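Bear in mind that the values in this text are calculations on the coordinates, not laboratory data. The model shown is predicted, which means the values in this text are computed figures rather than measured ones. Every residue, glycine as well, gets a Cβ built from its backbone with ideal geometry; the counts of neighbours run over all protein chains shown.
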Amino acid sequence: MEAPVEKPNSRRSFLKSAGSLSISSLLGTAALMTMSDDARANMEWAEWFQGNYRLMSEEEKALARARLERRYSREYGKKVVVDGTPAQEGVLMGYALNIKKCIGCRRCAKACVEENNQSRGKDQEIEWIRVLKMEKGEFSQEKMNQGYPEGLGIQVGGNAYTPVGDVLEGEHYYQPDAVPEKDAAYMPIACMQCEKPPCVKVCPVRTTYREADGPVVIDYNWCIGCRMCMSACPYWARRFNWSDPNLPKEAMNPVTHYLGNRPRMKGVVEKCTFCIQRSRQGRYPACVEVCPTGARKFGNLLDPNSEVSRIIARKNVFRLKAELNTFPKFFYFMD
Amino acid sequence: MKKPAFLPAVLLLWFVSLANAWAEPVKCFESRKGASEVTQRMIGEDLPNVKCSPKTGAVLWWGNPFDGTVPMGDMPIQDADYTRGKAVVKPRSDKLGLLPLCGNSCHTGSLPKGFPTSKDARELVMMHQAIVLDSTKLPHGRGNIWCLDCHHSTQRNKLVDHRDKPISFDQPQQLCGKCHGEVYRDWREGIHGKRIGEWASTGTKRWFVCTECHNPHNVQHGDRNRGFAQHQPEKAPTLPKGMKTADHERQKH
Amino acid sequence: MDKLKRFAVDYVTYVVKGSPAFYAWIAFLCLFILCLLYGTYLHAADGLRYTGLTDQVHDGLYLANFVFLVGIAAGAVTIVFPAYVYRHKGLHAVAVLGEMLAISAVLMCILFIISHMGRPDRLWHMLPIIGIYNLPHSMLAWDTLVLIGYMLLNFVGGFYFLYMKYTGQPLNKKFYLPLIYVSIVWALSIHTVTAFLLNTMPSRPMWHHSMLPIRFILTAFAAGPSLIILIFLLVRTRTRLWIDNSAIDLLATIITYCLGLSLFLTLSEVVTELYANTEHALGLQYLMFGVHGFTDLVPWFWGSLAACVAAFTILLRPSWRSNYRLLAVACALAFSGIWVEKGMGLLIPGFIPTPIGEFTQYLPTTLEIFVTLGNWALGFLILTVLLKGAIGILLGDIAYAKSPQGKTTSDAAGISATPELM
């Protein structure tokens, strides 16, 4: 038995580095709780007047994040970090999913909610990942001659076939006692982080944009809630906050990124960011870590030794709706 | 800003969290039921070591992916480019149920006198039948292997390689990879299997070893679908406004 | 400057005075406007949670009405175009009413967009310089540009005409005519761009075809003049302003052509989509027959088709068309038919199924319906006021010469009371 050694790295050190980057670490939560109403009002006004995050100077960005940290810490009663780590040079984030290995357990969808501070509860439940169940279908001997027109010899079409592997025929709300079910395949769908994202193109205020390291992000404070991006997305990856999100204090994840999982407000759109608050700190996205079958893979597309690069090199990969030329950085593959 | 309706909800949640503080520590399973388990605790202010699914008891989120891990040690690699020393695993030896039970007899590593040391297949009576009912019909390897092809014949706290060299339970890949070569190669390169931690190819990762996900004693059981043991799924998403059921999804055409 | 001030004073004094019927109408509209105010308050306080919208069907009644009303705004060009390009006398006399309609329709569009948006308080983000205006990429940015531009063109053109008429000065052709010609082309652009807003998204196959812009324009040139004819008939009976039969007849002819062509395009779409019956036709199937037991829109589709066919049948026979009672019925049918077809009938099936195949239903909530009615009411209030003012000036009821304050000066100037362009 090897002697336990010092942990090479830990979540804790991620937290520390994230915390030290932001100036809010100078401010204690207690000080925030005692803030006067006037100061709070001023803070909210300042947030309302702030510009587009992408165009802010470094100082303005830090200020905007500090402002949010103060507000969130007050609202959620804990020390909230709003990170602003920018894209790292030489990194292009990519994702691969082994479609053969997905068992439809939906742990990815739930882990995503734990990590990314989505609204939960009956009123407004937001999940960024949708897992589809697809029937294997059947080809039946009895139905072979039940085509149309019936009994006239030549048939225009038949009915011996039921849809197999048809995305538009998937079940979204399957709820068996155990998965994987017999004769079913599963297909998880979330944001594809397209290289040519249609959602970014249609945004009238450029609040959603592609970051240099790949993910398509949203400045929630700049979004006007027009929902054009939701219409334009061919993967149904975007969700809208129809009301203020319902995020219980104790469930709130205090390690956030400005462009990632910080709590959203009513009337804005949100989506998967490859867990930017984690991935920019080197950590796998939450859905990758939780997948019990290891179907989900994540890494740097520019690094030939990364898991994703090896998969693309070695396995048969495909992209969903490739004909739309959105060039997703989310690959499906098979062993 | 706050709606009065929120207040009872917040209070309720507060009580629930209080009740949790007094309750038994929550144990969750990491990848499949019956394999690695972890007890929920706080590892920092507002930072639990894991968050678990209230429905299935599965770990959904790791506060620290390297909690309780040890270096994986040497892995015979040629083309795999994993950074030595940055691969860690969760030790399984001390967690395997039967090891402490038998105390000082078989599983300490020394075989008491009189026990058969032969590797020939034989029926084990009154022994390990909870794991494999009939040792001559091991549901793995289609009749070609039995217990002592994988377990060391004299050191029962170890696995074994082809040359009778013992292998730690923490590194079953050295054993499994001998037959499942292609899967082993994929696993070494990060294509097969589960890892948590840092995504960079040079980063620190906790590697889930073969037996954390696969149970080698029942791979050919009939209750599997597509080769997977069945799991309880997490809750379906909430139906959109105005929808009462999702029956329409199941009654197509 | 003094004249302009007097114009404003006279105009406002004139439009706020009216018969009991006028006040009753205003009060009736205000009732719905109160609903709008309450609804807007709820939207502002709690977001859009009280609507029937979901992540699956995230654009509903509000956007549907927006799309339809852009058509009405564009439809106003059916007055201006014959009036100035073909020098149609009957229409020329009342062309300014078309401009007033265009202004109100664009304002209604803006009202509906504000109801539709999740964060109307952040609209300033779209302003150039202080915000970001995503040109040339965003179709919504283009649409905003052309809509605001169209409103300004009509505002300037309309009120310049009215002001000149008010003061009795002749129109400056060099200024006025280019304005009119630009606004004619611009009218086509607003509806084309609104079509581009929807049909440039391959994620929604229901909309993704190049026929959409021309279909939008045809339906606009059917629904717009239908509303105008109804307004004209009302104006003829309720005010002293006489609108020539020739004007109404020409508009009726325009509706006939455009409605016929739009029906043809509907048929083309049905054949094109349903013959091959790919997955891309699921939206249309849902609209026409229902899918997986979801049939909410089916009666609306067939009802709208029936209304349009009936209107077309009436319009097709010149003898029926010239019977203004029947014509009014036909116009009402065409207007409501197109409202359904182009609004809910076009928008909702674009979302069902979702791009990843989920079928849901969308049902507007009571609040949504009342906010919609409120927006229409506010729009009609603006339209009433604008039309009343314009008619007052056309009749000569509001004139600088008659102005109680300005009598002496205008007499001294000796200006004729009726400017003529041509």
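Restricting the calculation to Cα atoms, every distinct pair contributes to the Kirkwood radius of region B:197-244, found to be 15.0 Å. The ellipsoid that matches the Cα gyration tensor of region C:1-154 has semi-axes, each √(5λ) in whole angstrom, of 31, 23, 17, with the longest given first. For helix C:298-316, report the angle its Cα long axis makes with the longest principal axis of the Cα atoms of chain C; keep it between 0 and 90° and round to the nearest 10°. Between helix and principal axis, roughly 40 degrees. No disulfide-compatible partner, judged by a Cβ distance under 4.7 Å, exists for the following cysteines of chain A: A:Cys102, A:Cys105, A:Cys112, A:Cys194, A:Cys203, A:Cys223, A:Cys226, A:Cys233, A:Cys275, A:Cys291. Magnitude of the charge dipole for the protein assembly as shown, about its Cα centre and with charges confined to Cβ atoms of Lys, Arg (+1) and Asp, Glu (-1), is about 840 debye.
Within region C:139-230, the percentage of alpha carbon pairs spaced more than 23 angstrom apart rounds to 39%. With contributions of -39500 (n - 2.57) from each DSSP H run of at least four residues, the per-residue ellipticity at 222 nm computed over the protein assembly as shown stands at -13500 deg cm²/dmol.
Panel note: the C-alpha atoms of region C:2-413, placed on their principal axes, show extents of 76, 54, 43 Å (largest first).
Partner shielding of C:138-145 amounts to 4, given as the average count of beta-carbon atoms from other chains within 10 Å of each residue beta-carbon.
When A:Val217, C:Val77 are sorted by how many other C-beta atoms sit within 10 angstrom of their C-beta, beginning with the fewest, the order is A:Val217, C:Val77. Taking one quarter of the surface of the C-alpha convex hull of region A:217-260 gives a mean projected area of 4.0 nm².
Reported value for the protein assembly as shown: 202 Å³ per residue, from the convex hull of its C-alpha atoms. When the pairs A:Lys271/B:Lys55; C:Lys3/C:Lys89; B:Lys113/B:Lys205 are compared against a 32 Å limit on Cα-Cα distance, B:Lys113/B:Lys205 fall above it. Can you check what the net charge comes to around C:Asn245, using other residues whose Cβ is under 12 Å from the Cβ of C:Asn245 (Lys, Arg +1; Asp, Glu -1)? With Lys, Arg at +1 and Asp, Glu at -1, the neighbours total +1. The peptide list C:267-275, B:169-177, A:182-190, put in order of mean Cβ contacts within 10 Å with the highest first, becomes B:169-177, A:182-190, C:267-275. Using C-alpha pairs below 8 Å separated by at least 6 residues, the relative contact order for region C:78-149 is 16 percent. How charged is the neighbourhood of A:Arg238? Take every other residue with its Cβ under 10 Å from the Cβ of A:Arg238, and add Lys/Arg as +1 and Asp/Glu as -1. Charge balance in the 10 Å sphere: +1. Only Cα pairs under 8 Å and 6+ residues apart enter the sum, and on that basis the relative contact order of chain C stands at 30 percent. For B:Lys178, the lysines whose Cα falls under 17 Å of its own Cα, not counting residues fewer than eight places away in the same chain, are B:Lys158, B:Lys165. Taking amide H positions as modeled 1.01 Å from N, with prolines and chain starts lacking one, the residues under 5 Å from B:His231 and 5 or more places away or on another chain are A:Val179. Counted over all Cα-Cα pairs of region C:107-180, pairs farther apart than 21 Å make up 44 percent. The fewest-to-most ranking of C:Phe68, C:Phe159, A:Phe318 by surrounding Cβ atoms within 10 Å reads A:Phe318, C:Phe159, C:Phe68.
The length gained by stretching the chain between C:Ser322 and C:Ala45 to full extension, at 0.36 nm per residue less their Cα-Cα distance, is 94.6 nm. Principal semi-axes of the equivalent ellipsoid, √(5λ) from the alpha carbon gyration tensor of region C:79-203, are 31, 16, 13 Å from largest down. Expressed in units of 2.2 N^0.38 Å, where N is the residue count, the Cα radius of gyration of region A:159-273 is 1.30. Legend: residue pairs A:Lys122/B:Lys244; A:Lys133/B:Lys51; A:Lys196/A:Lys266, Cα-Cα distance threshold 18 Å; pairs beyond threshold, A:Lys133/B:Lys51; A:Lys196/A:Lys266. Which residue fluctuates the most in chain C, going by a Gaussian network model with Cα springs under 10 Å, if the choices are C:Ile356, C:Ile214, C:Ile229? Most flexible of the set in this elastic network: C:Ile356. The mean count of C-beta atoms from other chains within 10 Å of the C-beta of residues in C:198-208, rounded to a whole number, is 4. Angle of helix C:20-46 to the longest C-alpha principal axis of chain C, folded into 0 to 90 degrees and rounded to 10: 50°. Relative to the dominant Cα principal axis of chain C, helix C:173-199 is inclined by about 10°.
Taken over the alpha carbons of region C:1-75 as equal point scatterers, the Debye sum produces base-10 log I(q)/I(0) values at 0.11, 0.27 Å⁻¹ of -0.57, -1.12. Ordering C:Tyr86, A:Tyr284, A:Tyr235 by the number of other Cβ atoms within 10 Å of each residue's own Cβ, fewest first, gives C:Tyr86, A:Tyr235, A:Tyr284. For chain A, averaging the sequence separation of C-alpha pairs within contact (under 8 Å, six or more residues apart) and dividing by the residue count gives a relative contact order of 23 percent. When the convex hull of its Cα atoms is viewed from all sides, region A:239-335 shows a mean projected area of 8.4 nm².
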